[in-house]
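First up is the structure itself, then whatever we jot down about it.
The values are calculated or read from the model by the stated rules, or taken from the named source; none is laboratory data. Values in this document were obtained by computation on a predicted structure and should not be read as measured data. Cβ placement follows ideal geometry from the backbone for every residue including glycine, while neighbour counts extend to all protein chains displayed. Side chains included, ligands, DNA and RNA excluded: accessible areas come from the protein's heavy atoms. Shrake-Rupley method; radii C 1.70, N 1.55, O 1.52, S 1.80 Å.
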Amino acid sequence: MSVKDSYPLPGMDDCLDTLGVAQYFTTLDCNSGYWHIPFARADREKTAFASFEGCLQWTRMPFALCNAPATFQTTLDILLTGYRWRSCFVYLDNVIIFSSTFDEHLRHARDILQVLKGAGLSLKLRKCTFFSNKVDYLGHVIRPGRLEVATKNTAAIAGLQPPIASLRPTLRAPQHLVTACFEKGNQRTSSRSQKIKRSLLRI
């Protein structure tokens with residue numbers, strides 16, 4: 001049985017409040033982040049699974065393990081100990097670097113990229129943004145002094161039409177179930193149950 005790791009993920013409010021008056025942002029997305037974490041040889045047998053080629057074991061941490069998020073978060077937090085909350089913060093495989101001036105941002109980005117490279121982590125470049133005044137990060141659009149919810153995450157809700165008359169057939173659908181339920185024990189049905197039945201059938 002797995003012992004769950006209680007290491008907490010950072011709170012989104014704390015992360016976004018840390019940005020302060022930053023003017024420049026760089027976002028990094030680790031490529032297949034969990035697969036960068038090797039398993040100890042003694043623990044590999046715990047990950048064994050059957051396939052048409054026989055019994056196989058994972059040598060690196062797969063996705064969907066209950067402790068995978070906490071383990072990867074811990075790893076990046078340790079790697080970036082000297083930079084977290086000062087010039088960057090980490091949420092799982094997403095890293096954002098923030099600075100007040102361009103020269104400062106250049107130095108922060110170089111230092112953090114060197115740390116990630118030294119740890120053998122690779123990045124998914126198509127999901128990274130460098131030296132920008134506007135970035136998408138964890139469902140938010142971040143600009144200097146401004147924070148907005150990304151439109152792509154609210155478009156489906158904003159486009160919903162009011163239900164009006166279309167809701168009535170949906171509410172009437174379980175009516176036959178209500179009738180069948182009450183008729184089954186009709187002889188023992190209390191007056192209170194009859195009132196509930198009449199209320200439901202009026203919908």
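Open to solvent by 30 Å² or more (accessible area, probe 1.4 Å) and either closer than 26 Å to Tyr91 by Cα or touching a Pro at 6+ places or on another chain (Cβ under 8 Å) (or both), is that true of Leu19?
Details: open to solvent by 30 Å² or more (accessible area, probe 1.4 Å): no; either closer than 26 Å to Tyr91 by Cα or touching a Pro at 6+ places or on another chain (Cβ under 8 Å) (or both): yes.
For Leu19, the condition - open to solvent by 30 Å² or more (accessible area, probe 1.4 Å) and either closer than 26 Å to Tyr91 by Cα or touching a Pro at 6+ places or on another chain (Cβ under 8 Å) (or both) - is not met.
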* Please state which of the following conditions Phe89 fails to meet, knowing it meets all the rest: (1) out of contact with any helix residue (DSSP H, G or I) (no Cβ under 7 Å at 6 or more places or on another chain); (2) modelled with pLDDT under 90. => (1)
* Structure fact -> For region 139-157 the number of residues that are open to solvent by 60 Å² or more (accessible area, probe 1.4 Å), over 23 Å from Thr101 (Cα atoms) and in contact with a strand residue (DSSP E or B) (Cβ under 7 Å, 6 or more places away or on another chain) is 1
* **Breaking point among (1) modelled with pLDDT of 75 or more; (2) open to solvent by less than 90 Å² (accessible area, probe 1.4 Å), for Ser166** => (1)
* **Subset of region 87-107 that is open to solvent by 10 Å² or more (accessible area, probe 1.4 Å) and outside any helix (DSSP H, G or I) - its residue that is farthest from Pro10 (Cα to Cα)** => Thr101
